[in-house]
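The values are calculated or read from the model by the stated rules, or taken from the named source; none is laboratory data. Computed from a predicted structure; not experimentally measured. Here the Cβ positions follow ideal geometry from the backbone for every residue, glycine too, while neighbour counts run over all protein chains shown.
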Amino acid sequence: MHPLYERLKHLFPLDEVTEQRPDLLFVTLPREHLRSLLLHLRDIEGFSHLVLLTAVDWIEEGQFQLTYLLHNRPKAQDIGVRIKLARDSATMESIHTLWPTAATYQRELREMFGIDFPGSPGVEEDFILEGWIDLPPYRRDFDTKKFSDENYNHRPGRETHDPAEYMKQQLYPNGL
Amino acid sequence: MGIFDADRSQYPTPGPDGSLDIDLTSGKYLKLWQGPNHPGITGNMSLELIVCGDEVVKGTTHVGYLHRGFEKLMERRTFIQCFPIVCRICVPEPDFNEYCYAAAVEELAGIQAPERANWIRTLILEMGRINSYLMYLGGQAGAFGLGVIAQWTTYVRDLMLDRFEELSGARIYHMFILPGGVRDGLPDGFEQRMEETLREIEETLQQVYDVMFCNAVFKKRAVGLGYVDPAWIEPYGITGPVARAAGVANDVRKDQPYLVYPELDFEPVIGHDSDLYTRADVRRRDLLLSVDLIRQILAGMPSDGPLMAEIPSVLHWRIPRGETYIRGECSRGEYGYYLVTDGSGYPRRVNVRGPSYTHAVALFERLVVNVNISDVAALLVSLHTYPPEIER
């Protein structure tokens, strides 16, 4: 197993571990341990660069996955910390005190996924979508097609095809 | 140029949470909007500036004028349908999107791109870097009123676009780096025409150096402006030339080499003064490094070999559940793609990490305080920001 995982597993209750590449490790962690793990990674292990913070909507499992990707420059090593949140009560602790730039990521996540980060500077202000009142648009249950049909005029001459079916018809007009 | 006044008595008092209590009705402060339509703004974004006299007291970045929902669009498209979309995220240097997306898909699908394709990919990325830097140099000089520099750099950039056109058939969005390899090899006589273009770029850069970097007006305004403290690099996620100008030699091409960079001989370009002048100079020298790298790539490139790996039928291409992150060093810093797949024929999530995301928002809002209004445009250009990376 990865040497970084060997060091971390004695200190934190890590759940699922994926060694994607020798220089990229993903670990899953209960949410209450996030801050202490990030502090440990930043101050002890040297993962001082917050590469990104984003979310993945696993709607079938009723969960959001938050991914905190950190980078250790001298060792050229990355670690992705995965946190699972229930979709219906998506609130997470803010990490803007560890990395000021995290406030921008958290502001975007609140707008696009509806995940709240209480206390994060400017988190309630609009970031990209001004005056948006619909469902947060990057959630899987937000239907872009329906939104488009309801809000924009139909332009004649445009058709939407299922790509697989359409290509099959184009390539094999007489059937397979 | 504004002269920094150490007397802060004219400034609003910060509240307990650090936010400024600014009373716009007092007549002491004025709110100015720079953008979204303004010559002093980089692309489609705007700055909300509160000024006291000529000095900025507070600046806020507003984005969203170019939001096209790329990440959401890709969730409803097959892996190959995403390929023509990704390059549109960044106009001046679209190739990084193609490379990062292709490399992420290849990694999760277990595909290995052929060696010759990797050489051509590296060539394209360096050509794109030259284009992006030339655009930056023109913009940086233009922000100080040196309009002629932009005309020179636009001319040589056009020559590089000609090389792109003969290689890929397109000038701006090349759509050349496919998951699995590249679309084609080099056309006949490409090396010679590229050498002529590189010489022209070198000559123009020497003229740019004489007219811009040795210009007393440029020096007077640029030296000392927009100082980035090296201690901010990690907290603010600063990468690329902005970090290298602060003396931190961080360059993904060297730190975590990808494609054929391990076989090329180069050292990251660094500066030490961390002001606007140093950042411009680091980019000028980095441009010359790219010229050298292109010569090395053309000399070392294998003349034959496959250009595409075997990939599954694109109509039925499913990728097992997994996630990965691929990064590269673009002209502005670290560019990366975080790709999550769920076993279906569509990506579950694609997240694009552009360097402008941290530079243009958190870092810029900090840097702009105390800056004279006439220097704001130049300061923003010196961070080399492209708004589409922020709002994707």
Wholly inside region B:142-243, helices (runs of 4 or more DSSP H) that include 2 or more residues that are in contact with a His (Cβ under 9 Å, 6 or more places away or on another chain), away from chain A (no Cβ under 14 Å) and in contact (Cβ under 8 Å) with a residue 24 or more places away in the chain are B:147-168
All-but-one check, A:Leu69 against (1) surrounded by fewer than 21 Cβ atoms within 10 Å (Cβ to Cβ); (2) within 11 Å of another protein chain (Cβ to nearest Cβ), failing number (1)
For region A:104-135 the number of residues that are among the small types (Gly, Ala, Ser), out of contact with any helix residue (DSSP H, G or I) (no Cβ under 7 Å at 6 or more places or on another chain) and within 23 Å of A:His40 (Cβ to Cβ) is 1
Only unsatisfied item for A:Pro163, checking (1) at pLDDT 90 or above; (2) within 12 Å of chain B (Cβ to nearest Cβ), is (1)
*Looking only at region A:139-147, decide whether some residue is more than 20 Å from B:Arg68 (Cα to Cα) and of a type outside the set (Phe, Trp, Tyr).*
no
Residue hits (region B:328-362; assigned to a strand (DSSP E or B) and farther than 23 Å from B:Asn250 by Cβ) are B:Leu339, B:Val340, B:Thr341, B:Pro347, B:Arg348, B:Arg349, B:Val350
Reported set for region B:363-384 where residues are in a loop (DSSP other than H, G, I, E, B) and either of a type in the set (Ser, Thr, Tyr) or over 11 Å from the mean Cα position of the chain (by Cα) (or both) is B:Val368, B:Val369, B:Asn370, B:Val371
(1) farther than 18 Å from B:Tyr325 by Cβ; (2) at pLDDT below 90; (3) in contact with an Asp or Glu (Cβ under 9 Å, 6 or more places away or on another chain) all hold for A:Lys9 apart from (3)
(1) over 30 Å from B:Gly69 (Cβ atoms); (2) aliphatic (A, V, I, L, M); (3) without any contact (Cβ under 8 Å) to a residue 40 or more places away in the chain all hold for A:Leu37 apart from (3)
Within region B:245-290, the residues that are without any contact (Cβ under 8 Å) to a residue 60 or more places away in the chain and at positive phi are B:Gly247, B:Ser274
Going through region A:8-64 in order, the residues found to be in a helix (DSSP H, G or I), within 11 Å of chain B (Cβ to nearest Cβ) and under 21 Å from B:Arg353 (Cα atoms) are A:Arg42
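Table: residues versus (1) surrounded by 13 or more Cβ atoms within 10 Å (Cβ to Cβ); (2) in contact (Cβ under 8 Å) with a residue 60 or more places away in the chain; (3) outside any loop (DSSP other than H, G, I, E, B); (4) within 12 Å of another protein chain (Cβ to nearest Cβ).
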site: A:Arg82; (1), (2), (3), (4): yes, yes, yes, yes
site: A:Asp88; (1), (2), (3), (4): no, no, yes, no
site: A:Glu93; (1), (2), (3), (4): yes, yes, no, no
site: A:His96; (1), (2), (3), (4): yes, no, no, yes
site: A:Pro100; (1), (2), (3), (4): yes, no, no, yes
site: A:Arg110; (1), (2), (3), (4): yes, no, yes, no
site: A:Gly122; (1), (2), (3), (4): yes, no, no, yes
site: A:Glu125; (1), (2), (3), (4): no, no, no, yes
site: A:Ile128; (1), (2), (3), (4): yes, no, no, yes
